[in-house]
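The values are calculated or read from the model by the stated rules, or taken from the named source; none is laboratory data. None of the values given here were measured: they were computed from a predicted structure. No Cβ is skipped: glycine too gets one built from the backbone with ideal geometry, and neighbour counts run over all protein chains shown. Areas reflect the complete protein model, heavy atoms only, side chains present, ligands, DNA and RNA absent. Shrake-Rupley method; radii C 1.70, N 1.55, O 1.52, S 1.80 Å.
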Amino acid sequence: QVQLVESGGGLVQAGGSLRLSCAASGRGFSNYPTGWFRQAPGKEREFVAAVTWSGGSTFYADSVKGRFTISRDNAKNTMYLQMNSLKPEDTAVYYCAADPEGSYRSSDAWGFWGQGTQVTVSS
């Protein structure tokens, strides 16, 4: 079992930056791919980014490619999402996830979830 807790969300102006963190406890974090999803009001949860267990490979949604960077520090049991050049359409609750079985881009594939952190980007 892995427990995930997100932090770092907040209110930022368009063009600004935020860094989200996902702290893991329990066993096995360093063995799992991990990822970020987001959900805006009235919309389905959508894939943002994922990283393999070693950090060697990363994957991004087209909407965030070039602006967001996913990384992890297995020694600290923590994953990060650096978000730059934020846009109002990035406003959502951001969730971290671990241990997918299947496509990284499908929320149904992921076994463990955090509680989410709100990101609001004002125009």
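Among Leu11, Leu86, Leu20, whose mean-square fluctuation peaks in a Gaussian network model of the chain (Cα, cutoff 10 Å)? Top of the fluctuation ranking is Leu11. Across the stretch 1-58, the relative contact order, built from alpha-carbon pairs under 8 Å that are at least six residues apart, equals 27 percent.
Comparing mean-square fluctuations of Asp62, Asp99, Asp73 from a GNM of the chain with C-alpha springs under 10 Å, the top value falls on Asp62. Scalar couplings 3J(HN,Hα) for the stretch 89-100, obtained by applying the Karplus form with A = 6.51, B = -1.76, C = 1.60 to θ = phi - 60°, are 6, 7, 4, 4, 8, 9, 10, 9, 8, 9, 6, x Hz; x denotes Gly and Pro. Database remark: amide H of Phe112 closer than 5 angstrom to the amide H of Ala98 (H placed geometrically; neighbours at sequence offset of 5 or more, or on other chains; Pro and chain starts carry no H). A 1.4 Å probe run over the protein chains yields, for the chain, 50 Å² of accessible area per residue, whole-number rounding. Expressed as a whole percent, the accessible area of the chain that falls on carbon and sulfur atoms is 45 (1.4 Å probe). For the chain, the dipole from Cβ point charges (+1 on Lys and Arg, -1 on Asp and Glu) about the Cα centre works out to 260 debye, to the nearest 20.
Scanning the chain for GluC sites (Glu not before Pro) lying in DSSP loops with no more than 11 further Cβ atoms inside 10 Å, the longest uninterrupted stretch between such sites is 45-100. Rounded to the nearest 20, the size of the Cβ-charge dipole of the stretch 64-123 about its Cα centre is 260 debye, with Lys and Arg at +1 and Asp and Glu at -1. Two numbers describe the Cα atoms of the stretch 1-48: Rg and Dmax, which are 13.4, 38 Å.
Note down the Stokes-Einstein diffusion coefficient of the chain in µm²/s, whole number, using a Kirkwood radius over alpha carbon pairs, 10 °C, and 1.306 mPa s. This corresponds to a translational diffusion coefficient of 112 µm²/s.
The mean sequence distance of close C-alpha pairs (under 8 Å, at least 6 residues apart), as a share of the length of the stretch 42-123, puts its relative contact order at 25 percent.
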